Amino acid sequence: QVQLVESGGGLVQPGGSLRLTCVASASIFRLLAMGWYRQVPGKQRELVAGITLGGRTNYADFVKGRFTISRENAKNTVFLQMNSLKPEDTAVYYCNAAPPRNEYWGQGTQVTVSS
């Protein structure tokens, strides 16, 4: 069973930056394309960014040019560097496989962008 633990969220002012980290409990991580997702209350969870095993990335239009996804397979870790944050980026952020698997959802990490 794979457990994914997200961290790095917090309160940041508009225009600020945060770096999210997701650590997987098993080496199966190295066989998976991974993604970062986010959810706000009352809305469906949405894909923010994805990264393949080979490092190819894709981004939702609303974060292109601001967010960067990366991974360190040797450490079973995936990152999300978030720059130029906006209030509308406020959400709980999750990592999961891409496409996501229900059994992999973790607790997520809260990101709040507010002055």
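Show Phe62, Phe79 ordered by accessible area, largest first, where the area counts protein heavy atoms only and the probe is 1.4 Å.
Most to least solvent-accessible, the answer reads Phe62, Phe79.
Can you compute the radius of gyration and Dmax for the stretch 67-112, using only the Cα atoms, both in Å?
12.0, 34
Kindly write out, for the stretch 31-42 in residue order, the coupling ³J(HN,Hα) from the Karplus curve 6.51 cos²θ - 1.76 cosθ + 1.60 (θ = phi - 60°), rounded to whole Hz, with x marking Gly and Pro.
9, 10, 6, 10, x, 9, 10, 9, 8, 10, x, x
Once neighbouring chains are kept in place and the probe is 1.4 Å, which whole percent of the accessible area of the chain is contributed by carbon and sulfur?
Taking all protein chains in place, the chain shows 48 percent carbon and sulfur surface.
Rounded to the nearest 0.05, what FRET efficiency do Ser114 and Thr57 have when you use their Cβ-Cβ distance and R0 = 22 Å?
On the way: r = 28 Å, r/R0 = 1.27.
For R0 = 22 Å, the calculated efficiency reads 0.20.
How do the peptides 82-89, 99-106 rank, highest first, by the average count of neighbouring beta carbon atoms within 10 Å per residue?
Per-residue mean Cβ counts within 10 Å order the peptides as 82-89, 99-106.
Can you run phi through the Karplus equation (6.51, -1.76, 1.60; θ = phi - 60°) for the stretch 79-84 and list ³J(HN,Hα) in whole Hz, with x for Gly and Pro?
10, 9, 8, 10, 10, 6
With every protein chain left in place, what is the accessible area per residue of the chain in square angstrom, probe 1.4 Å? Spell out each step's value before the answer.
Values: 6140 Å² over 115 residues.
Computed with neighbouring chains in place, this is 53 Å² per residue.
Probe radius 1.4 Å, ligands and nucleic acids left out: which of Ser115, Ser17 has the largest accessible area, and how do the rest follow?
On the way: Ser115 130, Ser17 60 Å².
Putting Ser115, Ser17 in descending order of accessible area: Ser115, Ser17.
The values are calculated or read from the model by the stated rules, or taken from the named source; none is laboratory data. Just so it is clear, the model here is predicted, and its values are computed rather than measured. Positions of Cβ are generated from backbone atoms using ideal geometry, with glycine treated the same way; all protein chains shown enter the neighbour counts. Note: areas computed on protein heavy atoms with side chains; ligands, DNA, RNA excluded. Shrake-Rupley method; radii C 1.70, N 1.55, O 1.52, S 1.80 Å.
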